[in-house]
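Working notes, beginning with the structure itself.
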Amino acid sequence: MSARFPVRPTPAERLKDLPAVPWDALPQEALVNVFSYLCDGDRLEASLACKAWHRVFTMACLWRHRTFKFRGTKMQQGCYDGFLHEHGQHLEHMILEFAKPNTAVVQCFEAFVATANKCAALRLLSIKVRVLWFSLQRKGWSAYRTKIVQALCLLLKRQPMLQEADFFFCQFTHNEGLQVLKALTGDLPLMTRRNIISLSLREYFEVGTHYMSLRTFSEVMGRFPSLAFLHLDQHYLCEAVLDKLITGCAQTLRHLYIVMDNRNDHAIDSHTWSLAVQRCPSLTVTVRLDVCYLFEDYYSRVLVASMPLTRVFLWDTCGRRDITFADVARFLGYVSELFFNTIEEVCLKAEKFLKVDDEAERYRKMEKAVVKLNERCVQLKRLYFCIPLKPETLDKLSRVVVARLQNETKRLEVTVVHVKMSPGYIQERWPTLLSLSRDEFLYDDFKNF
């Protein structure tokens, strides 16, 4: 334990000579934070370094989060079985990731579930399932995925303490998706799971199956009486589903995160949203809209008056190249007209297809729309710009932030992501603005997606 390591200086101390700090002088909390980044092999070697480090690796907080990646090797299966026997009682948050399915992957996961269900002390609080969208058109893959879904349902049924479930981009078939939801609720007609407070169903059903699943889907959604946060696609949210939610979760429902896409054949009208707000006064809504669908006749069908919209994200994940600053200006104008009393956060990411030099007149319209947004939206707290902006626009935004600082209730945080200006330069020239690199911005969004 005589090894020493240099401490990275802070900007204020960069010019000072700092003494080396011995590893054995670090508190256990700091060691836990460092060791949490190690893989299993490195953790094993570090635990053999000394008794002090070995004691750290017996702490429960180091084993509460775990990602299990199923690749189908016998060594992997043995490691996972050993982990569950040794640390199953500490595990609270589980992530499941799958390779392309084959017999070995299926057998590995089935054995894992069998071991997990034998561990009486295993009490999960959250579970995430990733990379389960295997194409049913591949020969034999349908049978593999069916077995994986069956094993997953067995695991879910044995975890009565679950509070969060995330099935992002699983793309289940109609029957598979309903099986998983029913497993979450106990798979009994009259049984409800009172612990689930957060549920993510983004791209939950396979493309082409969501229309015929809505009726049964709405019935199943009524089995979550404690649901507070729901993340789902717009084409899953019909009036029947919303009615089930506000009837069954009137005392708990707090936030809906809605992702809009081109499969929006139905929309909830203003009257229905008004009734929802009356039953759930604390309900708020976030809408994520791709720039592909930046047509007023499209988003105006979904973003209607009485919707308790607090956050809106405009994102460029598609290949459409005819987006203009005028489109962005119309969208911001629409938001500021309808949701000036509720909107708190606006995020614009469309730097791929917008060119300032090519659209001088349209850029001025967008700039005016931003100014109007700041003036009308009294609850606005955060703005994110990942679009080309002129220095004059940044000057105006900086003055707006300074003006709002004088009123504690109207403080505004503006974050800028600029391709041609570094974050350091932006924060040096406009100290009141925040700035991120593009990678930092995308990483922060990915964590909250």
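Data table
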quantity: Radius of gyration, Dmax [the stretch 226-299; alpha carbons; angstrom]; calculated: 12.4, 36
quantity: Proximal lysines to LYS420, defined as alpha-carbon separation beneath 18 angstrom and excluding residues fewer than eight positions away on the same chain; calculated: LYS349, LYS352, LYS355, LYS390
quantity: Placed amide H near ASP290: partners under 5 Å, 5+ positions off or other chain; calculated: MET260, TRP315
quantity: Violating pairs (Cα-Cα greater than 29 angstrom) within the set LYS244/LYS410; LYS69/LYS244; LYS74/LYS182; LYS100/LYS157; LYS128/LYS381; calculated: LYS244/LYS410; LYS69/LYS244; LYS74/LYS182; LYS128/LYS381
quantity: With all protein chains modelled, accessible area of MET260 [1.4 Å, Å²]; calculated: 10
quantity: Theoretical gain in end-to-end length, ASN195 to LYS390 [0.36 nm per residue, Cα-Cα removed]; calculated: 65.3 nm
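The values are calculated or read from the model by the stated rules, or taken from the named source; none is laboratory data. Not measured: the values here are computed from a predicted model. Just the protein is used for accessible areas: all its heavy atoms, side chains included, with ligands, DNA and RNA removed. Shrake-Rupley method; radii C 1.70, N 1.55, O 1.52, S 1.80 Å.
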